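The values are calculated or read from the model by the stated rules, or taken from the named source; none is laboratory data. Treat the numbers as computed from the prediction; the structure is a model and nothing was measured. Here the Cβ positions follow ideal geometry from the backbone for every residue, glycine too, while neighbour counts run over all protein chains shown. Areas reflect the complete protein model, heavy atoms only, side chains present, ligands, DNA and RNA absent. Shrake-Rupley method; radii C 1.70, N 1.55, O 1.52, S 1.80 Å.
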Amino acid sequence: MCKADRPTVVCLGFFDGVHRGHLALLAAARKVAASQGWLICAHTFDRAPGSKGALLTGLSRREELLKQAGADFVAVSPFDEQMRMMDGDAFFREIVLGQLHAAHVVCGDDHRFGHQGAWGVAELKNMCDEAGIGLTVVPEVALPGGMRISTSAIRKALADGDYALAEEMLGRPLEEA
């Protein structure tokens, strides 16, 4: 994984699909980074935490899309047994603060992390407050009809054969993973 050598705005997520919801995270990060002169880091994993089905976007394409959306660099952590068992406090201290030098964190309103996703936005806010760094929680991004954009919703649209809906949520044409 890349280590930052100066303060960063860290976007947390797996970013499968790099859909419009993920783009909202990077847009929020760009606003914070621009005002401070900080780097933008998108943190992801080499493989999906948990069993969520086939990936929408392979790692190299995910990295490319994240950089196109404004990330200065993409930090990829191996989702190995050590990472799978790591609690949220250790992840925050060792990865977010220690390796990525986060001065600010950006995540979605439903972000989960740590062993079995036991930590969420409330715990992350407490950790950021204690560390003296900022946190931006991006509210859900939805289609005009109110449907929440998510990787799961995109997978369902694809399974239902509704490719137009999947592309609308992605914000770009479908492509091979």
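Observations on the structure shown:
- Looking across segment 93-142, the residues that are in contact (Cβ under 8 Å) with a residue 24 or more places away in the chain, over 20 Å from Val74 (Cα atoms), hydrophobic (A, V, I, L, M, F, W, C) and touching a Lys or Arg at 6+ places or on another chain (Cβ under 9 Å) come down to Ala118, Trp119, Met127, Ala131, Val141.
Conditions tested, residue by residue: (1) part of a helix (DSSP H, G or I); (2) of a type outside the set (D, E, K, R).
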residue	(1), (2)
Val74	no, yes
Asp89	yes, no
His104	no, yes
Gln116	yes, yes
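- Here segment 131-152 is the region considered, the condition is being of a type in the set (Ser, Thr, Tyr) and in a helix (DSSP H, G or I), and the residue that is nearest to Ile95 (Cα to Cα) is Thr151.
- Flag for Leu65 being at pLDDT 95 or above, buried (at least 21 other Cβ atoms within 10 Å of the Cβ) and not in a loop (DSSP other than H, G, I, E, B): yes
- The listed residues are Thr136, Thr151, and the only one of them that is within 14 Å of the chain's Cα centre (by Cα) and within 20 Å of Ala33 (Cβ to Cβ) turns out to be Thr136.
- Those residues of segment 11-38 which are charged (D, E, K, R) and either over 13 Å from Leu66 (Cβ atoms) or open to solvent by 30 Å² or more (accessible area, probe 1.4 Å) (or both), in sequence order: Arg20, Arg30, Lys31
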